[in-house]
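See structure below.
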Amino acid sequence: MEYTNLFSPIKINNLTLPNRIQRTSMVSGLATEDGHVTEDLKARYQREAKGGVGSIVVEAAVVLPSRSSYNLRISDDTFTEELKGLVDSIRQANPETKLGIQIMHFLKIARSGWRQKVTDFKIEDLPVIVEQHVNAAKRAISAGFDFIELHMAHAYTLSSFLSLANGRTDEYGGALKNRMKLPTEVYEAVRSEAGKNFPLGVRINGEDFTIKGTTLLQSTQVAKKLAGLGADYISVSAGSRFEDAPPPPPDTPPDPMSGYSGHRMSPDWWFPDMTHVYLAEPIRHHVRDGGFDTPVATAGKIRTPKQAEQILSEGKADIIGVCRALLADPDWPMKAREGQAKDIVTCTACNWCLEADSRMEKVNCSRWPEGNLIAPSPWPKKDARASALSKTAET
Ligand SMILES: Cc1cc2nc3c(=O)[nH]c(=O)nc-3n(C[C@H](O)[C@H](O)[C@H](O)COP(=O)(O)O)c2cc1C
C-alpha cells in the first residue's frame, strides 16, 4: 500500500485511532436554531464516517447557555440523549471511526458590533466557565463519545485568555503563566471529571496572526505545558482572531473570518498547500524536547494523501487534519487506501463552505451538485466534473 504512515494506527491515551486521518471540527449549520441534532446533521457525519476517516471531531458544541444560532449545543442535560443518537448513528455507518466532540465556550457578540472581551469577565465568572466545561464533558461521556477536544483555538474564550492580546491585569492576564491559568483550570477540572484514561485533546492556535497576538514563540510553550498536564493530543490550528479585522458594517455582528487572521484558519486557494505544517512541526519538536510523546495534529489545506504521507514520513506531525477536503470528498481516505487517489474530488479551497458558515447558513461544498447537503455516494471525479459543467451551463 502506498500510504503506509497515513494508514498506520495511533494511540491517544487508551484509544487506538485506526489511521492518521482526522476530520477536524467543522461547524455544519445543520443543527436547529436552538442547537439540536437533526437528521441532516446525522447524515453528514454518517457519510464522512463511511469514507473511512480514522477519527471525527464533531463540530464545536456550545457549553454555555447563551444564544448561538445553529451551533450544536451541549449546554444542558436535555442534549445528552440526542447527542447519543448522533454517536450511535455515526457508529452504525462505520464502527471503526473514533468519535470525539469539540467543546467550546464563546465570547458574546451583538448586532451592534459589540464584542465581549476577556477583560469583561469578573473574577467570580471564571469558575462558572470551568464548571460549564466540566458539565459538558460529563454529557459528552454519557453520550458515548470516544474522546473530547477542548477548544482553545480561534476567536473563542479559552484562546482569548491564552492570547498575548489578553488585556487582563490580574492573575489571569499578562505573563504566559497567568494567561494559561484559566485554560489549565478547565483542563484539570475536565480531566478530573473524565478520569486519567479518557482521551482528552486540546486545539490551540500556532499563530494568532494579529499584531498583538500569540506567535510560535508562545504557542510552542503553551503546547509543552499542555503536554505536561497530560493532554492526549494537541491539534494545531491558526488565526480566526478579530483584533485586526475591519469593523463590521452598521448593524452587523463582527465576523471572525474577516481580516488577515480571519483568512488564516482555513487557508484560501492563494495560500500554499500544507499551509500550517510549519507551525505544527516546531510545536511537535518542542513537545518532544520536553520529554513528551503527545501526538500533534496539523491541519490547513492538506489536500492529497501524498502530502499527508510526506508530512508524517518527515516527522512534522502525527495526525493529519483534513476538514474541507473531506467535505468535498468523504471517500478521500477510502480512495487513498485503495489506490484510487487520482479519483479524489479535490477541495479547491474556494471557501464556499466557510462563507456559508459566516452567514449562518447550512454549510455545503461548491463541488457537490446544487442543493446537496451531503456528498453523493458513490462520488467519482467524473460526476463532480459533470456537476461543475451543469452549473456552468445554468449560469
Ligand atoms: C465551515 C467551517 C467551519 C469550521 N468550524 C470549526 C470549528 O467548529 N472548530 C474548529 O476548531 N475549527 C473549525 N474550522 C477549521 C477547520 O477545522 C480546519 O482547521 C481548517 O478548515 C483548515 O483545514 P482544511 O484546510 O483541511 O479545511 C472550520 C472550518 C470551516 C471551513
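The values are calculated or read from the model by the stated rules, or taken from the named source; none is laboratory data. All values reported here derive from a predicted model rather than from experimental measurement. Backbone-built Cβ (ideal geometry, glycine too); neighbour counts: all protein chains shown.
Does Lys98 satisfy the condition of being among the charged types (D, E, K, R) and under 17 Å from the mean Cα position of the chain (by Cα)?
It is true that Lys98 is among the charged types (D, E, K, R) and under 17 Å from the mean Cα position of the chain (by Cα).
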Every listed condition ((1) more than 13 Å from the ligand (Cβ to nearest atom); (2) modelled with pLDDT of 95 or more; (3) not aliphatic (A, V, I, L, M)) holds for Asn351 save (1)
Among the listed residues Glu361, Glu309, which satisfies the condition of being touching a Phe, Trp or Tyr at 6+ places or on another chain (Cβ under 9 Å) and outside any helix (DSSP H, G or I)? Glu361
Among the residues of the range 365-395, the number that are touching a residue at least 24 places away in the same chain (Cβ under 8 Å) and closer than 27 Å to Ser68 by Cα is 4
What pairs come up if the first residue lies in the range 319-348 and is more than 10 Å from the ligand (Cβ to nearest atom), the second is of a type in the set (Ser, Thr, Tyr), and their beta carbons are under 6 Å apart, counting only those six or more places apart or on different chains? Ala336/Tyr3
The correct count of residues that are in contact with a Leu (Cβ under 9 Å, 6 or more places away or on another chain), within 12 Å of the ligand (Cβ to nearest atom) and either at pLDDT below 95 or farther than 30 Å from Pro248 by Cα (or both) in the range 293-314 is 2
Looking only at residues that are more than 17 Å from Ala153 (Cα to Cα) and of a type in the set (Val, Ile, Thr) in the range 57-87, which one is surrounded by the most Cβ atoms within 10 Å (Cβ to Cβ)? Ile74
Somewhere in the range 142-157, is a residue in contact with a helix residue (DSSP H, G or I) (Cβ under 7 Å, 6 or more places away or on another chain) and free of Cβ contacts under 8 Å to residues at least 24 places away in the same chain? no
Evaluation of Gly144 against (1) more than 16 Å from the ligand (Cβ to nearest atom); (2) within 16 Å of Thr119 (Cβ to Cβ) (one fails), failing number: (2)
